[in-house]
1. Taking Ala60 as the residue in question, decide whether it is surrounded by fewer than 22 Cβ atoms within 10 Å (Cβ to Cβ) and among the hydrophobic types (A, V, I, L, M, F, W, C).
2. Please work out which residue is farthest from the chain's Cα centre (by Cα), limiting yourself to segment 111-158 and to residues that are more than 21 Å from Phe15 (Cα to Cα) and charged (D, E, K, R).
3. For the subset of segment 3-39 comprising residues that are among the acidic types (Asp, Glu) and part of a loop (DSSP other than H, G, I, E, B), which member is nearest to Thr71 (Cα to Cα)?
4. What tally of residues in segment 110-161 results from selecting those that are touching an Asp or Glu at 6+ places or on another chain (Cβ under 7 Å) and either among the hydroxyl-bearing types (Ser, Thr, Tyr) or modelled with pLDDT under 90 (or both)?
5. Of all residues in segment 1-50, how many are β-branched (Val, Ile, Thr) and surrounded by 17 or more Cβ atoms within 10 Å (Cβ to Cβ)?
6. Based on this model, can you work out whether Pro86 counts as in a loop (DSSP other than H, G, I, E, B) and touching a Cys at 6+ places or on another chain (Cβ under 9 Å)?
7. Among the numbered criteria (1) under 22 Å from Val139 (Cβ atoms); (2) among the acidic types (Asp, Glu); (3) loosely packed, with under 12 Cβ neighbours inside 10 Å; (4) in contact with a strand residue (DSSP E or B) (Cβ under 8 Å, 6 or more places away or on another chain), which single criterion is violated by Asp53?
8. Scan segment 57-82 for residues that are farther than 15 Å from Ala97 by Cα and assigned to a strand (DSSP E or B) and jot them down.
Amino acid sequence: MKELTITTIIRECDFEELPASDKRLVELAKEMTRNAYAPYSRFHVGAAIELADGRVVTGANQENAASPSGTCAERSACFQAGAIAPGVPFRKIAIAAWTELRKPEGLDYEEYFQDSPISPCGACRQALLEYETLGRGPVEVILYGRRRCYIFPSIASLLPYCFTEF
């Protein structure tokens with residue numbers, strides 16, 4: 001028996017250090033958090049996917065009393081992109097989130113956002129990975145937090161030992 005080590009290299013930066021195009025993608029993800037329907041978790045998530053042809057497709061989480069019938073922001077965006085732009089590879093996805101549970105009176109909207117980035121759930125990682133595999137190239141992942149952003153080189157880097165043979 002031998003041990004294997006999994007290493008993922010990610011970049012950490014402040015929002016202000018992002019290139020203008022990445023800032024725009026993050027801002028769209030942040031804006032989408034306002035469209036979240038989150039009466040149960042009170043956790044508002046937005047996602048924005050940049051396609052290879054330059055279009056951006058967005059999504060927000062949509063909850064349902066018959067849990068788990070809702071949809072996460074990431075899958076909302078990627079399924080919409082797949083439906084309106086079939087065959088167009090994804091290039092990047094930005095994700096932002098905030099919770100009403102942290103929202104004392106008097107806070108600015110910007111202050112609702114998580115200090116540290118959140119990452120997609122396992123189901124979203126696998127759904128996004130399928131589009132990364134179909135597009136035959138990495139999909140960069142930008143996770144926004146008020147205090148720091150994380151940039152992953154690909155969806156696969158978020159999901160070691162994933163299955164890609166389908």
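1. On the way: surrounded by fewer than 22 Cβ atoms within 10 Å (Cβ to Cβ): no; among the hydrophobic types (A, V, I, L, M, F, W, C): yes.
Criteria not met by Ala60.
2. In this case the residue turns out to be Arg136.
3. Restricting attention to segment 3-39, the residues satisfying the condition of being among the acidic types (Asp, Glu) are 3, 12, 14, 16-17, 22, 27, 31.
Filter once more, keeping what is part of a loop (DSSP other than H, G, I, E, B): 3, 14.
Values: Glu3: 37, Asp14: 29 Å.
Restricting to residues being among the acidic types (Asp, Glu) and part of a loop (DSSP other than H, G, I, E, B), the top hit is Asp14.
4. Going through segment 110-161 one residue at a time, the tally reaches 2.
5. Let us first name the residues in segment 1-50 that are β-branched (Val, Ile, Thr), namely 5-10, 26, 33, 45, 49.
Still in the list and also surrounded by 17 or more Cβ atoms within 10 Å (Cβ to Cβ): 26, 33, 45, 49.
Of the residues in segment 1-50, 4 are β-branched (Val, Ile, Thr) and surrounded by 17 or more Cβ atoms within 10 Å (Cβ to Cβ).
6. Details: in a loop (DSSP other than H, G, I, E, B): yes; touching a Cys at 6+ places or on another chain (Cβ under 9 Å): no.
Judged against the criteria, Pro86 is not a match.
7. Here Asp53 meets the rest and fails (4).
8. Step one: list which residues in segment 57-82 are farther than 15 Å from Ala97 by Cα, which gives 57, 64-70, 78-82.
Result: Val57, single match.
The values are calculated or read from the model by the stated rules, or taken from the named source; none is laboratory data. Here the structure is a predicted model, which means the values were calculated and not measured. So basically every Cβ, Gly included, is an ideal-geometry build from the backbone, and we count neighbours across all protein chains shown.
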